Amino acid sequence: MKRSILVILLIAINILVYFLWASKDPFRMAYMQENFAVSWEGLMAGRYWTLLTSVFSHYMFIHLLFNMLVLNSFGPIVIEVVGSKFFIIFYLVAGIFSSLCHAVVTAFFLHQPNLPAVGASGAIAGVLLLFCLLFPREKILLMGIIPLPAMWGAIAFVALDVWGLIAQSRGGGLPIGHGAHLGGALCGLIAYFFLRKRVRRQF
């Protein structure tokens, strides 16, 4: 599978699921909430498939747009280095693990076991961190504004999520899945250590 086709396919699936969320039908909305959003409560009810389906699920257009722009920007470059087969396995594993991290963090750290999450952010956090480790001197835009070497961008990205998670634990912060981001980033770190003997790091 060509790298461009793989990224386009992932984006297309995300767009399709977004339009399913856009339905005004209350029965479809109830179905989507039950089967395309992940939470600890849902997992305990046996809806394990939501670990994966939530990765392709976006309720808000701006969330979808941002995630797909990042995927389209960094995904093809990472695929060029690691290959399509490794990338899709990595993407799915990072997505599933990030969903699990969200469920565990919200249940046991934030004490909100029924808090659902949707989005590809965890999987894309893994892709982004892997890119930063493979190309540490490439310039990226932190928050889409601040230019930084990729390695420093990765450190800042992780630090912001840790800070955000601590803020949430104290009753503040923004409604962002920091636990999912950190879980995906951890997958990116593990993938880098697995790959570093096979790929040539850019200096």
**Residues that are among the small types (Gly, Ala, Ser) and under 19 Å from Pro116 (Cβ atoms), drawn from segment 1-49** = Ala22, Ser23, Ala30, Ala37, Ser39, Gly42, Ala45, Gly46
**Prompt:** Residue check: is Leu160 modelled with pLDDT of 90 or more and either touching a strand residue (DSSP E or B) at 6+ places or on another chain (Cβ under 7 Å) or at negative phi (or both)?
**Reply:** yes
**Item:** Sole residue being touching a strand residue (DSSP E or B) at 6+ places or on another chain (Cβ under 7 Å) and free of Cβ contacts under 8 Å to residues at least 24 places away in the same chain, chosen from Ala117, Ala150, Ala103, Ala167
**Value:** Ala150
**Asked** What residue, of Ile79, Ile62, Ile89, is touching a Lys or Arg at 6+ places or on another chain (Cβ under 6 Å) and at negative phi?
**Response** Ile79
**Sole residue being out of contact with any Leu (no Cβ under 6 Å at 6 or more places or on another chain) and surrounded by fewer than 20 Cβ atoms within 10 Å (Cβ to Cβ), chosen from Gly42, Gly46** = Gly46
**Request:** Report whether or not Leu92 is assigned to a helix (DSSP H, G or I), touching a residue at least 24 places away in the same chain (Cβ under 8 Å) and not basic (Lys, Arg).
**Result:** yes
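Results for (1) surrounded by fewer than 24 Cβ atoms within 10 Å (Cβ to Cβ); (2) farther than 29 Å from Asn35 by Cα, shown as yes or no for each residue.
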residue: Ile77; (1), (2): yes, yes
residue: Ile89; (1), (2): yes, no
residue: Ser98; (1), (2): no, no
residue: Gln112; (1), (2): yes, no
residue: Val127; (1), (2): no, no
residue: Leu165; (1), (2): yes, no
residue: Gln168; (1), (2): yes, no
**Item:** Failed condition for Pro116, given (1) of a type outside the set (Phe, Trp, Tyr); (2) over 15 Å from the mean Cα position of the chain (by Cα); (3) at pLDDT 90 or above
**Value:** (2)
**Asked** If we scan segment 3-17, do we find a residue that is under 21 Å from Ala180 (Cβ atoms) and in a loop (DSSP other than H, G, I, E, B)?
**Response** no
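The values are calculated or read from the model by the stated rules, or taken from the named source; none is laboratory data. Treat the numbers as computed from the prediction; the structure is a model and nothing was measured. Reconstructed Cβ throughout: ideal geometry from the backbone, glycine too, with neighbour counts over all protein chains shown.
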